[in-house]
Amino acid sequence: THPDPSLSSLFAKENLAHMSEEQLNRYDRLINEPSNDWDIYYWATEAKPTPAEFDTDVMAMLREFAKNRNREQRLRQPDLEYLFEPPR
């Protein structure tokens, strides 16, 4: 099971459109290379230290996002139509 499917989905919805190509590549690597989604969740919530190879600006963005400073309701995954919207 995925520990928090809404965390990565909501992060993607809020951030992908504003990321550089290099950041998108780092994000892609982050979500695809670790063999366990729990690892990403633990790193994002700072329950475990992030390995140096994944400790990038993108991971810092995800850690900040996971803190949910605005106390947003994050009870479900976002609708995915944003994936099909033209870039702004």
To the nearest 20 debye, what is the magnitude of the charge dipole of the stretch 7-73 about its Cα centre, counting +1 on the Cβ of each Lys and Arg and -1 on the Cβ of each Asp and Glu? 320 debye
I'd like the accessible area for Asp39: 1.4 Å probe, protein heavy atoms, all chains in place, Å² to the nearest 10. 40 Å²
Using bins 5 angstrom wide from zero, how does P(r) for the stretch 7-73 break down, in % of all Cα pairs? 4, 16, 32, 27, 15, 5, 0
Ordering Ser35, Ser9, Ser20 by the accessible surface of their heavy atoms, 1.4 Å probe, largest first, yields Ser35, Ser20, Ser9
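The values are calculated or read from the model by the stated rules, or taken from the named source; none is laboratory data. Computed from a predicted structure; not experimentally measured. Positions of Cβ are generated from backbone atoms using ideal geometry, with glycine treated the same way; all protein chains shown enter the neighbour counts. We work out accessible area using only protein heavy atoms, side chains counted, and drop any ligands, DNA or RNA first. Shrake-Rupley method; radii C 1.70, N 1.55, O 1.52, S 1.80 Å.
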